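Visitor: First the structure, then my questions, so here it is.
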Amino acid sequence: MSREIDQLTVPAEKRKVKVIVASPSRSGTLGLYRAMQILGFNTYHIYECVVANELSHLKIFIEAITAHYNQLSGIKRYDLADCEKWLANYDCLIEIPSYVGMDVIEAYADDPDVKFILTERNPEKWARSVNSSTGQVAAMAHTFPFNILKYFHSTLYHFLKMNAIVYQALAAGTKIGDVENEKMLCRYYQDYIKRAKATIPADRLCLINIDKHNLDWDAICPFLGLPVPKEEYPDRNEPEKFQAMVKGFLEPIVKTAAIRFGVTALTTLGVLGWASMKYGPSILVALTVR
């Protein structure tokens with residue numbers, strides 16, 4: 001089966017990965033994304049995937065997580081070579097490795113020059129944060145008007161699809177409000193953190209419990225061997241900020257989709273009106289029943 005990643009042009013040059021933030025989303029990762037940019041890294045985070053690279057990387061990310069979480073998909077799982085091709089322009093990877101499998105993290109760990117940061121938090125808090133962010137976006141795909149408008153804008157369609165697939169994987173197919181929902185999310189998180197700790201070499205791991213310790217320059221700069229910047233450490237991405245970011249990203253896309261939907265609807269109504277006048281009401285039944 002041909003994959004999206006196989007269609008991507010092989011870059012002439014690629015950056016060497018220096019740092020991997022192996023944490024899942026909702027673990028202080030957006031703040032780390034901005035912090036690593038301030039420190040001079042060319043950093044890849046889901047925000048970068050969606051906003052900076054848009055459709056091509058969205059499709060690749062959807063393929064990567066589908067291949068990892070759905071063994072019946074028929075898609076070959078991504079390996080280190082695939083990730084290096086996809087992320088060739090970046091030397092710091094955040095969140096993405098947690099979605100493509102521990103084999104890829106282990107492959108990066110084989111390079112003694114790669115350092116890792118892993119943040120952890122209370123699993124119940126993490127589950128609630130996922131539900132108030134990714135879970136809410138995933139649910140949008142099935143509610144009006146997004147369940148219609150997504151078919152009128154490819155980026156909107158793939159953005160909602162990506163969130164739905166991610167959430168389905170994290171929540172083991174449960175939905176917000178299901179009896180087992182938070183339990184499944186907590187289980188996923190605990191299993192992932194446990195495996196990450198067992199996989200990443202301890203001497204190249206900066207482990208930060210963000211419930212007990214500040215996630216700031218003092219927590220990461222000594223580990224990275226870099227001086228503390230004069231700029232303040234970026235704020236953590238609370239759910240309200242996440243929702244504001246999603247709104248800012250979606251607003252122009254939704255407006256475009258709505259305009260396209262309106263034009264299509266008016267065109268359809270115009271055709272149906274013309275058909276009704278020319279052929280009579282029976283033609284409307286034939287067209288709409290189909």
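Visitor: Sort 6-15, 200-209, 36-45 for me by packing, meaning the mean count of neighbouring Cβ atoms within 10 Å per residue, highest on top.
Guide: Going from most to least packed, we get 36-45, 200-209, 6-15.
Visitor: Long-range amide H contacts for Tyr44: which residues qualify at under 5 Å (H placed 1.01 Å from N, peptide plane, sequence gap of 5 or more or a different chain)?
Guide: Amide H neighbours of Tyr44, under 5 Å, 5+ apart: Cys92, Leu93, Ile94.
Visitor: Here's something else I'd like to know. ³J(HN,Hα) across the range 152-167 via Karplus (A = 6.51, B = -1.76, C = 1.60, θ = phi - 60°), whole Hz, x for Gly/Pro?
Guide: Calculated HN-Hα couplings, in order: 10, 7, 4, 5, 4, 4, 6, 5, 5, 5, 4, 5, 5, 5, 4, 5 Hz.
Visitor: Another question, if that's okay. Give, to the nearest whole percent, the P(r) tail of the range 1-85 beyond 14 angstrom, counting all Cα pairs. It would help to have the intermediate numbers written out before the result.
Guide: Working: 2507 of 3570 pairs.
In whole percent, the long-distance tail amounts to 70.
Visitor: Thr9 versus Ser132, label points 7 Å from Cα toward the beta carbon: distance in nm?
Guide: 4.4 nm
Visitor: Using alpha carbons only, what's the Rg to Rh ratio of the range 109-162 with Rh from Kirkwood?
Guide: 1.24
Visitor: In whole percent, what relative contact order does the range 1-93 give with Cα contacts below 8 Å and a gap of six or more residues?
Guide: 51 percent
Visitor: Let me ask another. Under a 10 Å cutoff between Cα atoms, tell me which one of His57, His68, His142 has the largest fluctuation in the Gaussian network model of the chain.
Guide: Maximum fluctuation in the GNM of the chain, among the listed residues, is at His142.
Visitor: Compare the Cα positions of Leu32, Ile20, Thr66 along the charge dipole of the chain (+1 at Cβ of Lys, Arg; -1 at Cβ of Asp, Glu; about the Cα centre) and return the one farthest towards the positive end.
Guide: Thr66
Visitor: Per residue, how much accessible surface does the chain expose to a 1.4 Å probe? Answer in Å², no decimals.
Guide: Value for the chain: 52 Å² per residue.
Visitor: Let me ask something else about it. For the range 125-256, what is the convex hull volume of its Cα atoms per residue in Å³?
Guide: Normalising the Cα hull of the range 125-256 by residue number yields 149 Å³.
Visitor: Still on this structure, please answer the following. So which residue, out of Met245, Met184, Met162, gets the largest mean-square fluctuation from a GNM of the chain using Cα contacts under 10 Å as springs?
Guide: Met245
Visitor: State the dimensionless ratio Rg/Rh of the range 175-251 (Rg: radius of gyration of Cα atoms; Rh: Kirkwood radius). Let's see the in-between values first.
Guide: Details: Rg = 17.0 Å, Rh = 16.0 Å.
That ratio equals 1.06.
Visitor: Jot down the radius of gyration and Dmax of the chain, Cα atoms only, both in angstrom.
Guide: Cα-based Rg and Dmax for the chain come out at 22.0, 79 Å.
Visitor: Taking all protein chains as present, what is the carbon and sulfur share of the accessible area of the chain, in % to the nearest whole number, probe 1.4 Å?
Guide: On the chain, the fraction of accessible area on carbon and sulfur atoms equals 55 percent.
Visitor: Further question on the same structure: Determine Rg/Rh for the range 139-203; Rg is computed over alpha-carbon atoms and Rh is the Kirkwood hydrodynamic estimate from the same atoms.
Guide: Value, to two decimals: 1.16.
Visitor: Where does the Debye-calculated log10 I(q)/I(0) of the range 75-188 sit at q = 0.11, 0.14, 0.15 Å⁻¹, using only Cα point scatterers of equal weight, no solvent?
Guide: So the normalised log intensities are -0.48, -0.75, -0.84.
Visitor: Say we join alpha carbon atoms closer than 10 Å with springs in a Gaussian network model of the chain; which of Lys18, Lys230, Lys197 then has the biggest fluctuation?
Guide: Highest fluctuation among the options: Lys230.
Visitor: Averaging sequence separations of C-alpha pairs under 8 Å and six or more residues apart, then dividing by the length of the chain, give the relative contact order as a whole percent. Don't skip to the end; give the middle numbers.
Guide: Details: 351 pairs, mean separation 68.6, N = 290.
Relative contact order, the chain: 24 percent.
Visitor: In nm, to one decimal, how far is the modelled label at Asp218 from the one at Arg195, with both set 7 Å along Cα→Cβ?
Guide: 3.5 nm
The values are calculated or read from the model by the stated rules, or taken from the named source; none is laboratory data. Not measured: the values here are computed from a predicted model. Virtual Cβ from ideal backbone geometry, glycine too; neighbours counted across all protein chains shown. Surface accessibility is based on the protein's heavy atoms, side chains included, excluding ligands, DNA and RNA. Shrake-Rupley method; radii C 1.70, N 1.55, O 1.52, S 1.80 Å.
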